[in-house]
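Report on the following structure.
Every number here is computed from the coordinates shown, using simple stated rules; none is lab data. Since this is a predicted model, take the numbers as computed values, not measurements. Every residue, glycine among them, receives a Cβ derived from its backbone with ideal geometry; neighbour counts consider all protein chains shown.
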Amino acid sequence: MQKPKSQNAAAGASRPTPRPPARKARKKPLSAYTPDQVEEIFRRFRVQRPEPRGELESVNPFTLLVAVALSAQATDAGVNKATRPLFKIADTPEKMLALGEEKLGQYIRTIGLWRNKAKNVIALCEALLRDHGGKVPDDREALTKLPGVGRKTANVVLNVAFGQPTMAVDTHVFRVSNRILLAPGKTPEEVEQALLQVVPPDYLLHAHHWLILHGRYVCKARKPDCPACIIADLCKAPEKWSDVPAPLVPWQPVEQGRSPEEEVEGGVRPGP
Ligand code: SF4
């Protein structure tokens, strides 16, 4: 005689096998560093360069906007060489339009993609006069609607001309953030968002300049100069080859005479 199935067994047969509780997907940390370590990194950057500045020359927000727009796929030194005489005669949208595309082209023809850039600068001046009374707007949305102005250019202008704590991610910021695992990301915008969360608020205003200058002169693309690095003991880059930090002293303006690696390598920046 067949044994009657117990109530439990019968119920068990119809009930799906219970699954182990699903493991929560662990969120990848934004940075390989603790908040204290990040604070220490930027504290040292600040001691080294208390007032970091970009190296693109400009005389007002308009010329800054033009200089940054011209700097895509070019070096700061190359752009400065072309814009120094240009900005002497055309430092407003009106004067730039009066100069005209052809003459503007003659000033900037040593800069890569100059034909397109000349066209964009003229279109930029027309848009500034038409939509903003000839003034450079101080918000990202309006800036990125201007011809030839992308997110990075807008971030530089907002930061340098208007003192906003934006994070402009150029080739150096992108490389350093990824290499040392400070704020890794696959795109400049991912890195920008990570840096905005990782960098302590006190350091946000100058953070992109510190990272650019660190990348340009020390944590260089081809081979990082780790013995010259003030954060070598903290750095978590797999390529690091020295962990003795360089003395923490203000940066000497030797950098003016140095040949930045970006110039050796063509200074390729991401687009505007
Ligand atoms: S130790 Fe080397 S790899 Fe790390 S930040 Fe300094 S230069 Fe770059």
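Below, the figures for the structure above:
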| item | result |
| --- | --- |
| In sequence order, calculated HN-Hα J values of the stretch 52-63 (Karplus, 6.51, -1.76, 1.60; Hz; x Gly/Pro) | x, 10, x, 9, 7, 8, 7, 10, 6, x, 5, 5 |
| Sorted by Cβ density within 10 Å, fewest first, the residues His208, His172, His132 | His132, His172, His208 |
| Cα gyration tensor, the stretch 61-160 - rounded (a/c under 1.5), prolate or oblate | oblate |
| Local electrostatic count at Phe87 - Lys and Arg +1, Asp and Glu -1, tallied over other residues with Cβ under 11 Å | +1 |
| Rounded if a/c under 1.5, otherwise prolate or oblate - the stretch 176-217, Cα gyration tensor axes | oblate |
| Neighbour-count order for Glu189, Glu57, fewest beta carbons within 10 angstrom listed first | Glu189, Glu57 |
| Mean Cβ neighbour count within 10 Å, used as a protection proxy, ranking 81-91, 161-171 highest first | 161-171, 81-91 |
| Total formal charge among the other residues, if their Cβ is under 10 angstrom from that of Glu239, Lys/Arg +1 and Asp/Glu -1 | +3 |
